[in-house]
Amino acid sequence: MALPSLRQQIEQLIASPSVSCTRADLDMSNRGVIELLEGWLSHLGFATEVMEVAPGKYNLIATLGSGPGGLVLSGHTDTVPCNEEKWQSNPFRVTERDQKLYGLGSCDMKGFFAVAIEALLPFLQQPGPAGFKEPLIILATADEECSMIGARALAESGRLKARKAVIGEPTSLRPIYQHKGIMMNGLRITGQAGHSSNPALGNSAMEAMHSVMTELMSFRQDIQSRYCNADFAVQVPTLNLGCIHGGDNPNRICGQCELEFDLRALPGMDNDELFAQMQQRLQPVAERHNVKFELYPLFPHIPAFSNQRELELIQTCERLTGHSAESVAFATEGPFLQKMGMETLILGPGSIDQAHQPDEFLALDQIEPAVRILRGLIKRYCLQTEA
Ligand SMILES: [Zn+2]
């Protein structure tokens, strides 16, 4: 087998659909993408291990060289669903227009794997196991876009021991050292329906929800007055009351009301603690209204991610990219890799502005500098020479 070119790799990865979604009718296996990557990397001499993390969902750990340290280049293999009718071209076929490669997953983030493979090729010509003093690990995870089960399973297995990790999410080649957490919760209030003509015939879940929402907004005010981080565009934690459903008719007392909201915590805030605090504040409100109340996560919480600003990996990435490390508003698998004891940073080609959109693209002028930066990282952490 000959290794396909960088462009062919991107084409093949995008032609292998791997949508992950909480809606079962849209959710797909990522097996095709994992098999492509496993084929190419084992051909290049990597030892590969495929880890099934859920039925039809796989992580790939591909390792070149051995030892406890080295570098992990990490990406997710799944994409979000797409509205094909809103695309100008087939989302599963790479189309080049205006110096851009269009396709679902081009920047978020199948393109990164091809870029990583391109970056490592010159090192394979050197004697020994690529002349590596420390291993290079390519990590490909499942289901980042919905549950992050791939990264969660990996964190639990404690499998990876490398010292440095770079996640190639589209950051326009700027190093990202922190992001907020995400927690999405549902809240169900059950009262008692009845004829509206006599309030004694029921107990309004909607009126109880009104008080609960007031309490949530005062909780928001509290956390916003206590936490602030000037490195973020939105400097305080946010809490958004996103949707509400309750009742059915003006002449019925509302028997049930449901609210969904998200809370984006700053680094240093703990999701579980915040969840417990909300529970504690809302319980007495529900009791006052004599309604049943349940607060529940809509999906497992994603922790905030942060690094010490002085970290050596940050400095190396700043030097290689020519940009100071920044903060972003989107969440990544960063906290899960960090949990395994790795210094972790987010840095990759393409822009998040194009991700999760119709006509997602990877600008061609991102590829060459991305390859150069990754080569610098491989040199620094696997060959232990100055980048
Ligand atoms: Zn992504």
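Values in this text are rule-based calculations from the coordinates and carry no lab data. Remember, it's a predicted structure, so these values are computed and weren't measured experimentally. Cβ sites come from the backbone with ideal geometry, for glycine too, and all protein chains shown count toward neighbours.
Just a few scattered comments:
- Treating r as the C-beta distance of GLU273 and LEU364 and R0 as 41 Å, the FRET efficiency rounds to 0.35.
- LEU121 paired with LYS86, simple spin-label distance in nm, labels 7 Å along Cα-to-beta-carbon: 3.5
- The chain: calculated mean residue ellipticity at 222 nm from DSSP helix runs of at least 4, using -39500 (n - 2.57): -9500 deg cm²/dmol
- Legend: Rg and Dmax of region 182-297, from Cα coordinates, 15.9, 54 Å.
- Region 337-387: C-alpha pair distances exceeding 12 Å, %: 72
- Paramagnetic label zone (point 7 Å from Cα along Cα-to-C-beta, ALA329; backbone N under 20 Å) in region 179-205: 179-185
- Taking a sphere under 15 Å around the Cβ of ALA165 and counting the other residues whose Cβ falls inside, with K and R at +1 and D and E at -1, yields a net charge of 0.
- Environment charge of ALA205, counting only residues whose C-beta is closer than 10 Å and scoring Lys/Arg +1, Asp/Glu -1: 0
- Axial C-alpha extent at least 30 Å, average Kyte-Doolittle at least -1.0 - helices from the chain (DSSP): 205-226
- Other residues with beta-carbon under 15 Å from the beta-carbon of CYS257 carry, at +1 per Lys or Arg and -1 per Asp or Glu, a net charge of -3.
- Over the chain: Kirkwood hydrodynamic radius from C-alpha pairwise inverse distances, Å: 22.6
- Lys, Arg +1 and Asp, Glu -1 on Cβ, resulting dipole of region 182-297 about Cα centre, debye, nearest 20: 280
- Label positions at VAL234 and SER211, each projected 7 Å from the Cα along the C-beta direction, are separated by 2.9 nm.
- Pairs of lysines in the chain (C-alpha under 17 Å apart; 8 or more residues apart or interchain): 9
- Positive dipole terminus of the chain, leading residue within ALA114, LEU44, LEU201 (C-beta point charges): LEU44
- Using distinct alpha-carbon pairs, which all enter the 1/r mean, Kirkwood radius of region 296-364 in Å: 14.3
- Charge dipole (debye, nearest 20) of the chain; +1 at Cβ of Lys and Arg, -1 at Cβ of Asp and Glu: 620
- Reciprocal of mean inverse Cα separation for region 276-330 (Kirkwood radius, Å): 15.5
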